[in-house]
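To start, the structure under review is shown below, and the notes come after it.
Values quoted throughout were computed directly from the atomic coordinates according to the rules given, and no laboratory measurement underlies them. These figures come from a predicted structure and were not determined experimentally. Ideal geometry is used to build each Cβ from the backbone, glycine not excepted, and the neighbour counts take in all protein chains shown.
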Amino acid sequence: MQARLDFYKANPSGTRAMLALEETIGKSTVDKTLAELVRIRASQLNGCAFCLDMHVTDARKHGETDRRLATIAAWREAPFFTERECAALEWTEAVTLVAQTHVPDAVWEAVKPHFTDQEISDLTLLLIAINGWNRIAVSFRKMPE
């Protein structure tokens, strides 16, 4: 597969806007390890090889284990994730697949006990960002280096 265009060069102001969003997320309440788990899950759902490669590497840097990384796609069946992480992963799937799920009330009720309103807002902003990056990378065929 060949890259279609370099978004960073083609749209510097768009790149700056996305990076400003990332800067805001970096200062948010979302734990770095959890942030990487949800970035990975969203990127799996979106089929983004570039982002998967980047965020698996970043998750390892934050101390994530290969065992947990290998089972994120099957998090419901894996005993390696906390209730809080499961709630975040369920929120991730519902928000990422919003056109299909419309983020059901049951998912909202599942995430609410584990996160404050600020944390849910921050987590959702993170999901908006990773889904945006996934769409950029997949659309323009950005490949892992």
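By other beta-carbon atoms within 10 Å, ranking Val56, Val98 with the fewest at the front produces Val98, Val56.
Between region 111-145 and region 19-59, what is the separation of their alpha carbon centroids in Å? Cα centres, region 111-145 to region 19-59: 7 Å.
In sequence order, region 49-60 has phi-based couplings of 5, 4, 5, 4, 4, 5, 7, 5, 4, 5, 4, 4 Hz under the Karplus curve 6.51 cos²θ - 1.76 cosθ + 1.60, θ = phi - 60°, and Gly or Pro positions carry x.
Which angle between 0 and 90 degrees, to the nearest 10, do you get for helix 12-26 versus the longest principal axis of the chain when only C-alpha atoms count? Taking the Cα atoms of the chain, the angle to 12-26 is about 20 degrees. Working from label points 7 Å from Cα in the Cα-to-Cβ sense, the Ala17 to Phe140 distance is 1.4 nm. Place a point 7 Å from Cα of Lys9 in the direction of its Cβ. Which residues in region 98-134 have their backbone N less than 19 Å from it? The answer is none, because no backbone nitrogen lies closer than 19 Å to the label point.
Sparsely packed loop sites in region 1-100 (the GluC sites (Glu not before Pro) outside DSSP H, G, I, E and B with at most 14 other Cβ atoms within 10 Å) comprise Glu77. Stokes-Einstein diffusion for region 10-89, with the hydrodynamic radius set to the Kirkwood value over Cα pairs and evaluated at 10 °C in a medium of 1.306 mPa s, equals 117 µm²/s. Matching the structure-derived P(r) over Cα pairs in 5 Å bins from 0, in percent against the labelled list (i) 2, 8, 16, 20, 20, 16, 11, 5, 1, 0; (ii) 2, 9, 19, 23, 21, 15, 7, 3, 1; (iii) 2, 8, 14, 15, 14, 13, 12, 10, 7, 4, 1, 1, 0 gives the label (ii).
Taking the chain as a whole, the Cys residues whose C-beta sits 4.7 Å or farther from every other Cys C-beta are Cys86. The loop-placed chymotrypsin sites (Phe, Trp or Tyr not before Pro) in region 57-145, going by DSSP, that have at most 16 neighbouring Cβ atoms within 10 Å of their Cβ come out as Phe80, Phe140. Sequentially through region 62-69, phi angles give Karplus couplings (6.51, -1.76, 1.60; θ = phi - 60°) of 8, x, 5, 8, 4, 4, 5, 4 Hz, Gly and Pro residues having no value and appearing as x.
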